[in-house]
Structures are given as C-alpha cells and as structure tokens.
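Written below as structure tokens is the structure these notes are about.
The values are calculated or read from the model by the stated rules, or taken from the named source; none is laboratory data. Please read all numbers here as calculations on a predicted model, not as lab measurements. Because the Cβ atoms are built from the backbone with ideal geometry, glycine has one as well, and the counts that use them run over all protein chains shown.
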Amino acid sequence: MPGAWAGQDHALAALEDALKSAEADQAEIFVAARTGEHTRFAGERVHQPQTIVECQVMVRAVAGTASARVAVSSLEAARDAVAAASELARRRDGASGKADTVPHGVAGAATIAGTAGLWHESTLAFDAVARSVLAGQIMDAARSAGASVAGVLTAAVTELAVATSGGQRCYAAATEAGFSLTALAGQASSYAADLGRDASGLGVRERAENAISQAAAAQDVIAVPDGVHDVVFGGLATGELIGFVPDFGFTGPAVAAGIGLVATRPHAVLAPSDITVADDATAGVGLPFPFDCEGTPKRRVELISAGHVGGSVSDLASAAATGGMSTGHAHIARESSPAPEAANLILMPGGASEAELIAGVERGLYIQRLWYNRLVDAEAGTVVGTSRDGCFLIEDGRLTAGLQTGRFTESVLGALARTDGIGSQLITQPVPNVWNGCSSAPAIRVRGFRFGSRQGKD
Amino acid sequence: MRVPEAGSREPGSLELSAAHQWGDLARGTAGPLLEAAVGTAAGGGASYADVRLSETEELRLYAVSGRAPDERIEGSLGLGVRVLVDGVWGFASRPLRDAADAAAAAADALSNARAAAAGSRERVVLPARDAECGCYQTAVAVDPFAVDAAVRERIVSDALAAATATAGVVQAQAGVNAKRSHRYFASTEGSRQEQHFVESGGMVLAVAAGHDIVQRRSYPNSFHGNTAAAGWEYVTELGLPEQAARVGAEAVQLLTAPVIGSGTADIVIGPAQLALQIHESTGHALELDRILGDEANFAGRSFIGPDAVGRLKYGSPAVNVVADATVPGTRGSFMFDDEGTRTRRTMLVTEGMITNFLSSRDSAARIGSESTAAARSDGWGFLPLCFATNVFLEPGTGTTDELLDRMGAGYYLDDNRSWSIDSQRLNFQFGTEVAWEVRNGKRTRLVRDFSYGGITPQFWGSLEASAGPAEFRTFGMPCGKGEPKEWGFLSHGAAPALFRAVRIGVA
C-alpha cells in the first residue's frame, strides 16, 4: 500500500503557512489523514475491496470571547479554512452578549515523545494482493472444514499534524494493521480479531484456522442457561466491557459537573488490587500515538488504579474548567460536541493463560464476543448487551457445547470486583467513531455474572 | 415561501433554489470530473462502473453548561468510484483536490478489483439496466446557512438556560445543526443524476443528579436530537427553549420517581422510541445484504431468510411497514439511492407478512429480484450498503388518548435511554428515558429506569393498534454498518402504538 497521504514536510509547511493568515487572538490547526485499505470477504467472494482516503484539516480560531472551527478536506484549502474560522470567530464575538464562559486557549510548545514503534514496513507490504490471497485461503480452509467465514483484513496509514499560535508543532504517522473474522458451522460460530501497528504480529492465518476449527467442532449450540455463572471472558469481550469504564465518571466534563466516580467517590475501592484500567497511548500497546488533535502530548491516565478510583481524561477545555492540565485526550466526534475521549484503553494483563482461567471453572461459560452493549446506569456501571460468536459452556475446566446468543444486564464494576483471574495476552480491537480508538484487554475470569432475564427465559 | 419538492428528467434542468446555490460543485464543474472517472474505469476494463462526487458543508453549534459554546463548519469534497472487473467489485475514494484525483480514484478501484480476483471464488452477475437521469432538491424555506450567528447563539443559549433552570440539573447541552450537500452520480450505463440536500436540526439534553442517581431527559429525541430535510424553519418549529424547560424539570422529577418491578404489561410506545424499535428490529432485519451473509462478521445476520417474502409472518395484521424515500422532509428522503436506483414506495411488511427487503442491485440480483433503492453510503468516502431509507410503521386511526383508554392499565413510554439487540435482530431489550403509569386510560405517575424486551416476531405480533396519521412523527438518525464502519442517514416514523402483554422491567 502507499505510504503517508500528506507527509511530514508537506503537512507542517501547509499548516505553518495557513496559520500565518489567522486574524484571531489565537489559532490552532490540525490535519488528520488516513489511507485505509480494507479487504472484506464473505462466503465465496471478496465482496468489498476498498481503498478509502480521508483527510480533514480543522482550524480553531479564538477572537475575544468567542471561538469557531472550520474544516476542509484538503491541505490546499487550509488557508481558506483559517480565514473562514477567523472571520466566524470574530463575527460570533461581535454577536454575543456578555459571555458567561470564555473559550479555552491553544496548546503551547511542548515536547512530544518519540515515534518509535509507530511505523512498520510489514504493514505496508500487507497490500491488496496479499490480503486477497489470504482471504481466499481462509475461505478455502473454511469450506474444507464444512464451515463458512466472513471477515475483513485491513492495512492503513494514519497521520496527524498540529500547529498552534502558541508555538506547538507536531507530526506523527503510524501504520495500522488489523483483522476480524467470523467462522460459521451449522448453528455454531467462532470469532477472532486483533489490531496493532505491525501486520507481522497479527498471526491471521493461525487464528483463522483456530476459529474455523472451533466452529466446525461445535456445529450445534444450546441455550445459555439463565442464571448466575462463573464466566471467562475472552480478551475481545473484556475489551468491550472495559470500554464502558470512562462513562462511569472518568472524564473531565463529568468531574466538572460533579457526577460519576472520580467526582463522588475519589480513591474508593472498586476491584481487587490487580485490576488497573488505564488509558495509555504511550504504552506501545494497540494503537499508540504521541499527541492529540490539540497538540497536547498524551499522558497515561489510570482510571482504575490497582482497584481504586483513579483519574480522568481531559482536553484543554475540561482541564481549564477543572483547574488541571490536559491529559491529551481532545476529541471531536462526528455530530457531537467536542469532548475528551479515552481512546487507548488497556486492562493491564495478569499472568494466567486463557486455558488456565478456563481450567479454574468447574461449570460456567466462556464468552468470546459481546454485541450491542449499551450503558443503562452510569452510577451502578450497568450495561445491557448480548453474547455473540464463539461462546461455549465450560464443564470440568474444558470448553464443551457451543452457546446460543445470551442476554445480560450486569454491572461492569461488579464484574471487575468479582474478577479472580487475569490473562496474560492482550488482544486489541477498534473502538468505532473514535479517532485512532482501540481497547486492549486480556481474558478475565469473573465469579458470578448473570445471563438471561431476571424473570425467566427470553 | 417553500420551493416545491421537485424532480426532473435531465441533470441541470432543474432551477435550484437559493439555498442550494453554494460551493464549488453547485453546477457546471461536476460533469467533467464524473466523465474523467467513468472514462478511466471503462477504459481500464470495468464492465460496469459508477462514480459519486459530492460536496458537503455541515454547521454545528453546541453549548454545554460550564463550557464556552463551540461552533464549527466542516466542509468536505471528494469522490468514490466503484467498478466491476471480470465479475469482481473494486472501490476507491479520496478527497478531490484537482481533476487528477478523479482518474486516480478510478485507477485505485480497478487495482482493488483485480487484486480481489485472487481471493474470490464466485463472480458477480449484475443485470444491466437502462440509464436513469434526473435532478432533485430539498424544499427549503429559510436557508440555515444564511441565518445570522447571533440568532443561532440566542436559541442555543436560551435553551441551555431553560434546561438548567430547575434545581438539580447538573449538566445540560443544547445545539443546532445544518448540513447542505451536492451529490452527483454517473455510471457506465449512462445514468447522470444530481441531488441537492439541506438538513436542519436541534437538540437539548438535561442531566439531573441526586444521591447515587443520575437521570436524563432529551428533546426532540435522545442522542443527537432530531434532524429533518428542511431549512431553518424546522429549527424554529422545534421550540427548543420552551421544550428545554420541560426537559430539565422532568429530569429532576425522575430522580424521585419510583422504579416498577419486572413482569408483563400492556404498553403504549411513543413515536420516538418506536422509531428506534423499527430501526433495530425491522429495518436492520430486512437488509438483504445482511440476510445473504455479507455482513456476518460485523453488523450480523438476520432471523429473516431470503425466502421470507410471502411466507414469514413477522407481526400482527396491524403491522404495515413501508420504505418510502419519496416522502419529503426527512434524512431518508431522496430521488436516487447511492447506486443510482430511482426510489419508490415499497411495502416491506403487509398486514404482518414480509413482502420485500431493503436491497441493493448486487443483493437483489442474487435472489432474482430488483433493487428497492436502499443502497446508501456515507458520503463520497464509503461503499453503498443496504441501509434503511424512510422506513415507517403506517399509522392506524384515532388518537393517543383513545389508545390509552383502550389499554386501560399499563404504561406510556418514550425516548430511548439504552438499546440492545442480538446479531440476528431477534432478542432485544430497550430502556426509555421516561414512562408514565396509565390507570383507567389516563397517564398518572412518572416512573424511571423503564425497560422492556422481547423476541422480534412475538413482539410485533402483540401490536394491537396504532394511533392515526395526525400523531405520526418521523425521526432522522444515523446508523452504523460496514467495515470500516460507515454511517447511513435515514429516518423512521410511527404514531404511538399499543402492544399487549410485553415483558417489562428487565433491567
């Protein structure tokens, strides 16, 4: 696949040049570009081979007591965007009455950590032909096993460059490789996925064969028994669960509003001391990246620190509101108000293998994939969702029958509190709608997790 | 003055209203770019190719309590090219900087198709069809992009102040949004189409907190508010400041409202929650690409099979669901879908029986059918997939009060708080922001944390009646699907409806 869309020299020169035309008190400008190549396959065909190039140049100008952002889709239009943002900010400043709040400023010059580990030639070599051939081999293997398979193989290059009137200048480019696939056999299914910077570390073929074998061996499924079970959640399911942790009050705006755990129960004990959930884009896990779209260096934030309520993620605006410093988590989600986002979540691994976690359950459930999980109650940490592919009964410490979809309405905080085993292998999955978003987690064993309705069978 | 919703046979022949006369692609510049991309694709060996070229501008002003308002205008210009080479699809998209990008995107699409041939064991057979040409524009009375910044600011600040006026509200958000876009389409079959859209919307959200309890209320819909295919007149009609006061007060009332136990009850579901119910359990379940397994890895499959038409009983005789993008005024309104198929009114469920699917050309051809014009994409950047358009539960007769009287005892609920459904679109559980207990046909006390669940065909089988057209409402919403995940913009509509013996209080 091709390399960077913008490139460091071109990106920074264009931003620098554009920034000079700002007619505002302060200004920041970033370019976020991504070339994503995706080979989707299902059944007997590669049905959606795609190359998608995205580029957004966004300017934020501050004039008096107002600010405004303008974005365009090419660096060539960056100067126009700066001029438009400056004009809109000035117009808004003139239009507004006495302001109750003032806009936050822009990032000053700060040292950015190195970019070692972000770029891998192996990912560039994971090109359209390589991905298509591999997809064909996986579909062939599934057919030979009496199964079918659907999935996606991805290689991408992500770039972010920021320049501010405060003197910050930064650029980084990173490769990204990922896969996910669902093997189907009879009524049974299995699932595998992983994501990282380096395609050579994914082990797609081996993990695809394992998923196909697992589904083919099961064929039939039984209903998830209603009730409270000992459950081993695979790394992907665990990653889904910890993805809710920030919603329990671990963001700057929640702290400013006085709601959630950081604001109302600082340092409270939530879970055993071996549970640490951090947002850490500097750890070399998942999709590391050194700074955010405001140009602030990313800092490790332990949301749950050795079982206790830890800190919150912030951007410049929420840091200003709470009197702290930005942790480098600025984010602008589509169709949403800008707000800090925990984008690189990690549940710190333990020392057990997944097989050891399973061996420690006499009768229970193995849950590989969760689906359509939604927050019900942020105070209690309650989430509703279902299990999906690759779920099995555990009997005498071994996986036995495949399981149908099961519904749960459970507290993530409660599950973490009842975790008595943590796996050693991290698996990463993307977090949709979050720029460079991912969560990485090992398998965990939870003693007591309810599946099914509290009033009977679904 | 409203410009009539209009279409015409030939691109360029429709007089555009002032709200659509903006940007680099308003008229005249799109044609050569489209031809360059189509020509490159056809010259490179594509048996079929289509090109979507679009320019979009989106305005959003949000105010969150305690933070300075944030206003942004996001522009985007680019194209996507899809080709079929030796029975294998290829796709590529990129931002448009100059004319060279049109040919480059087509070349990338050709390369992808040729590479994919190495892995594909089956070939696509796409039935040829005649060219379709035409123009379309959204009817706009007041151009939202011409509205003064001070007017936007005042509505949002007034709404925020009203939402936080009730003691106990700890956080609130108000916002307005507008979007305008030009979409041009061309194919090797000779289709040439142009569509010009304008959307406007608004939202308010209030969060109240007590001791170990947080409750929220929103208007006009939870999550992102509501957006219509209309001008600023829609924002004005929303009455955000007035509704914000109610929303704030209800959020606080919910803090002390009781929680009801689990069991079975009759319920009347309001149109906002019903829109999401339709989206999750009807629209998604009837997407033909999903039914055929194309989305098995991410969005999932469906309990409905490809042979369900005329065979599968989906709901009670009161269930009539239509897909109709010709209905104006919503996010699912258009003349042509994103592979150039002219839309038409299509019954998906008729008196409880499945009668059609939401399909694309590729998926329809695989079951020997014709596309129902449901191939939608997230702007120029993404492949068209099967998404809902305007998928509505057709209204019945009478009023909501008459429905409540008919129900006697039960609950009236609305506005989604949480939603979950399995990957076959069968087993669901939804929570609502608000519910009222109904006794003797009248709303009484407010209850909080209400939820209900069920199995899709059983649930729709319990639909007894819907209120009449006067109480029918539509809600625009984004929807995620595909790998990489893209958004489809669509709408669902319903009048309040009465369901019998539904499982409640499951969360």
Residues being facing chain B (nearest Cβ under 7 Å) and buried (at least 24 other Cβ atoms within 10 Å of the Cβ) - total across the range A:377-387: 3
Looking only at the range B:34-82, and only at residues there that are basic (Lys, Arg) and within 28 Å of residue B:151 (Cβ to Cβ), the one that is farthest from the other protein chains (Cβ to nearest Cβ): B:60
Filtered residue count, the range B:83-114, keeping only those that are out of contact with any Leu (no Cβ under 9 Å at 6 or more places or on another chain) and facing chain A (nearest Cβ under 9 Å): 7
Sole exception among (1) surrounded by fewer than 19 Cβ atoms within 10 Å (Cβ to Cβ); (2) within 10 Å of another protein chain (Cβ to nearest Cβ); (3) closer than 30 Å to residue B:158 by Cβ for residue A:87, by number: (2)
Subset of the range A:79-136 [farther than 30 Å from residue A:41 by Cβ, hydrophobic (A, V, I, L, M, F, W, C) and touching a residue at least 60 places away in the same chain (Cβ under 8 Å)]: A:81, A:82, A:83, A:85, A:89, A:106, A:107, A:109, A:110, A:112, A:113
The lone exception for residue B:296 - which of (1) under 26 Å from residue B:420 (Cβ atoms); (2) surrounded by 20 or more Cβ atoms within 10 Å (Cβ to Cβ); (3) of a type outside the set (D, E, K, R); (4) in contact (Cβ under 8 Å) with a residue 40 or more places away in the chain it fails: (4)
Number of the exception - residue B:352 against (1) out of contact with any helix residue (DSSP H, G or I) (no Cβ under 7 Å at 6 or more places or on another chain); (2) closer than 28 Å to residue B:77 by Cα: (2)
Residue in the range A:56-78 that is surrounded by fewer than 24 Cβ atoms within 10 Å (Cβ to Cβ) and within 26 Å of residue B:112 (Cα to Cα) present: yes
Filter pass, residue B:414 being within 19 Å of the chain's Cα centre (by Cα) and in a strand (DSSP E or B): yes
Positions within the range A:137-166 being away from chain B (no Cβ under 13 Å) and closer than 23 Å to residue A:56 by Cβ, in sequence order: A:157, A:159, A:160, A:161, A:162, A:163, A:164, A:165, A:166
Output for the range B:375-401, where each listed residue is surrounded by fewer than 24 Cβ atoms within 10 Å (Cβ to Cβ) and within 9 Å of residue B:338 (Cβ to Cβ): none
Search result, residues across the range B:453-507 that are within 14 Å of chain A (Cβ to nearest Cβ), within 19 Å of residue B:404 (Cα to Cα) and within 23 Å of the chain's Cα centre (by Cα): B:459
Test: residue in the range A:96-118 that is within 12 Å of chain B (Cβ to nearest Cβ), among the aliphatic types (A, V, I, L, M) and within 24 Å of residue B:97 (Cβ to Cβ): no
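Residue by residue, here is whether (1) farther than 26 Å from residue B:58 by Cβ; (2) of a type in the set (Phe, Trp, Tyr); (3) part of a helix (DSSP H, G or I) holds:
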{"position": "B:75", "(1), (2), (3)": "no, no, no"}
{"position": "B:82", "(1), (2), (3)": "no, no, no"}
{"position": "B:90", "(1), (2), (3)": "yes, no, no"}
{"position": "B:93", "(1), (2), (3)": "no, no, no"}
{"position": "B:102", "(1), (2), (3)": "no, no, yes"}
{"position": "B:113", "(1), (2), (3)": "yes, no, yes"}
{"position": "B:119", "(1), (2), (3)": "yes, no, no"}
{"position": "B:122", "(1), (2), (3)": "yes, no, no"}
{"position": "B:125", "(1), (2), (3)": "yes, no, no"}
Selection count, the range A:37-70, where residues are part of a strand (DSSP E or B) and of a type in the set (Asp, Glu): 2
Restricting the range A:250-299 to residues that are in a loop (DSSP other than H, G, I, E, B) and touching a Cys at 6+ places or on another chain (Cβ under 8 Å), the residue that is farthest from the other protein chains (Cβ to nearest Cβ): A:290
Flag for residue A:31 being touching a Leu at 6+ places or on another chain (Cβ under 8 Å), surrounded by 23 or more Cβ atoms within 10 Å (Cβ to Cβ), under 15 Å from residue A:161 (Cβ atoms) and not small (Gly, Ala, Ser): yes
Only listed residue being more than 10 Å from chain A (Cβ to nearest Cβ), among the β-branched types (Val, Ile, Thr) and within 30 Å of residue B:180 (Cβ to Cβ), chosen from B:434, B:438, B:391: B:391
Matching residues, the range A:334-352, being modelled with pLDDT of 95 or more, small (Gly, Ala, Ser) and closer than 18 Å to residue B:67 by Cβ: A:339
The one condition in (1) within 22 Å of residue A:195 (Cβ to Cβ); (2) touching a residue at least 24 places away in the same chain (Cβ under 8 Å); (3) assigned to a strand (DSSP E or B) that residue A:2 fails to fulfil: (3)
Failed criterion for residue A:17 (all others in (1) in a helix (DSSP H, G or I); (2) closer than 18 Å to residue B:62 by Cα hold): (2)
First in the range B:425-450 and modelled with pLDDT under 95 and in a strand (DSSP E or B), second anywhere and surrounded by fewer than 16 Cβ atoms within 10 Å (Cβ to Cβ) and polar (S, T, N, Q), Cβ under 6 Å, 6 or more apart: none
Some residue of the range A:419-440 being within 24 Å of residue A:147 (Cβ to Cβ) and outside any loop (DSSP other than H, G, I, E, B): yes
Long-range neighbours under 6 Å by Cβ, at least six apart or interchain, first residue more than 14 Å from chain B (Cβ to nearest Cβ) within the range A:303-322, second hydroxyl-bearing (Ser, Thr, Tyr): A:305/A:276; A:306/A:273; A:306/A:276; A:307/A:273; A:312/A:251; A:313/A:251; A:313/A:327
Test result for residue B:97, under 30 Å from residue B:199 (Cα atoms) and either part of a loop (DSSP other than H, G, I, E, B) or not acidic (Asp, Glu) (or both): yes
